[in-house]
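Here's the structure we're looking at; comments come further down.
All of the numbers you see were taken from the coordinates with simple rules; none came from a lab. Everything numeric here is computed off the predicted structure, so don't read it as measured data. Ideal geometry is used to build each Cβ from the backbone, glycine not excepted, and the neighbour counts take in all protein chains shown.
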Amino acid sequence: MLKVRFSLLALAGLSVMCASRAETFTEDFSTDPLQNGWKVFANTNLFQWDSTNQNLAVTWDSSQCNSYFYHPLGTILTTNDAFSVEFDLQLTGAVTENYGSELGIGFLHLADATNADFLRTSGSSPNVAEFDYFPPSLIAPSIDATLIDASNGFYFAFDTEPLNPGTAYHVRLAHAAGDLTVSAQVSANGQIFTSLPQFYGASLVDFRLDILAISSYQGDGWGDTIYAQGVLDNFVVTLPPPPIQNLAGAFSNGVWQAQFCSQSNWLYALERTSDFHSWTNICPATPGNATNVFLQDTNPPAEKAFYRLSASRP
């Protein structure tokens, strides 16, 4: 089960206000992104911060293994959540492809994406919501907004237009809460270039996403290849509120009580330790309700204890 944990190690008042506002983080590459929460999985040579032009130079090369320049989201996105990402993309040279391999930018589930069996071109790539571009080769080019659920069911919206090297594009990829689709809009020179009017729909279930990733996918050994270079800039990521907000705790009539603002579609549990080595769940998992939730330790130890709150997706 996927979990997010928040620790509560000091007494505080129990006056808690609930507010449900989207969270936003941005990245303009004005400083080294590796000092700002970004990480690299696998081949670092594919991603280079350009300190002069303040952007990220990327090579998408399917002859190399799956490699990601990624930023943890600090939460777990599912079909119940509204989220989006927008960014600037410019291809800087000729793009070569053979049949069907893509460059990708969007949301992944880290544990799946770094699994040795994860292969985008073969359909063994669960938990993906991303913008893709398939350059023209033996088939027409394709600009895609792709959604893949936890069981490899997939949906994509698309348009058969090329992205021209040297043209600066602005991309916005978005998912609406409760939907099993994803949409995208691409602009150039301040004008809408495409809103991906065509789509392919499959029967999807839920998904789990926990990182934003710029993805260079490996080939499948059957001739599906890509080599492309470009620059990325001006990321804006909009996420739902964190699962735990305004956490406070205190004793009330001899009973330890934690109070916080919850979110729907999360489960919460209060955990206790006396040594920070072993933790004990002291109450059943409690569903969130988008309002205040109280969790209590009705049998606290005589000696000191410390508490933390865990939030998990069912």
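Since only T114, S101, A290 are under comparison, the one whose Cα sits farthest along the positive direction of the charge dipole of the chain, derived from C-beta charges on Lys, Arg, Asp and Glu, is A290. Once both labels are positioned 7 Å from their Cα atoms along Cα-to-Cβ, the gap between T286 and A302 label points is 2.8 nm. Karplus-derived 3J(HN,Hα) values for the range 178-190, using 6.51 cos²θ - 1.76 cosθ + 1.60 with θ = phi - 60°, are x, 7, 10, 9, 9, 10, 8, 9, 10, 10, 9, 6, x Hz; glycine and proline are entered as x. Scanning residues 5 or more positions from S101 or on other chains, those with amide H under 5 Å from its amide H are T225, with H placed 1.01 Å from N in the peptide plane.
For every other residue with a beta carbon closer than 14 angstrom to the beta carbon of Q48, add +1 if it is Lys or Arg and -1 if Asp or Glu, then tell me the sum. Could the numbers behind the result be given before it?
Values: positive: none; negative: D32, D50, D61, D233.
Net local charge, Q48 excluded: -4.
In debye to the nearest 20, how big a dipole does the range 194-277 give about its Cα centre with +1 on each Lys and Arg Cβ and -1 on each Asp and Glu Cβ? Roughly 280 debye, rounded to the nearest 20.
Cβ-to-Cβ counts within 10 Å put Y68, Y227 in ascending order as Y227, Y68, the fewest first.
Loop by DSSP (not H, G, I, E, B), at most 11 other beta-carbon atoms within 10 Å: where is the longest site-free stretch of the chain for trypsin sites (Lys or Arg not before Pro)? Between the exposed loop sites, the longest stretch runs 22-303.
What is the sum of charges, Lys and Arg at +1 and Asp and Glu at -1, for the other residues whose Cβ falls under 10 Å from the Cβ of Y227? List each step's numbers first, then the result.
Details: positive: none; negative: D61, E97.
Net local charge, Y227 excluded: -2.
Positive end of the dipole of the chain (Cβ unit charges, origin at the Cα centre): among L91, Q263, P300, the Cα lying farthest that way belongs to P300.
Basic side chains Lys and Arg get +1 at the Cβ, acidic Asp and Glu get -1 at the Cβ, and with that the dipole of the chain about its Cα centre reaches some 1120 debye.
Farthest towards the positive end of the charge dipole of the chain, among the residues C65, I244, T24, is the Cα of I244, using unit charges on the Cβ of Lys, Arg, Asp and Glu. Local charge for P33 was computed over the other residues whose Cβ lies under 13 Å away, with Lys and Arg +1 and Asp and Glu -1, and equals -4. Summed over qualifying helices (DSSP H, 4 residues or more, each -39500 (n - 2.57)) and divided by its residue number, the chain shows a 222 nm mean residue ellipticity of 0 deg cm²/dmol. Here the extension length gained between S63 and S124 equals 20.1 nm, from 0.36 nm per residue of separation less the Cα-Cα distance. Just one of (i) 86, 43, 30; (ii) 57, 48, 39; (iii) 72, 45, 38 is Cα extents along the principal axes in Å as worked out from the coordinates here. Which one is it? Identified label for the calculated read-out: (iii).
What FRET efficiency comes out for the pair N164/L34, r = Cβ-Cβ distance, R0 = 22 Å, nearest 0.05? Let's see the in-between values first.
Working: r = 31 Å, r/R0 = 1.39.
Between N164 and L34 the formula returns 0.10.
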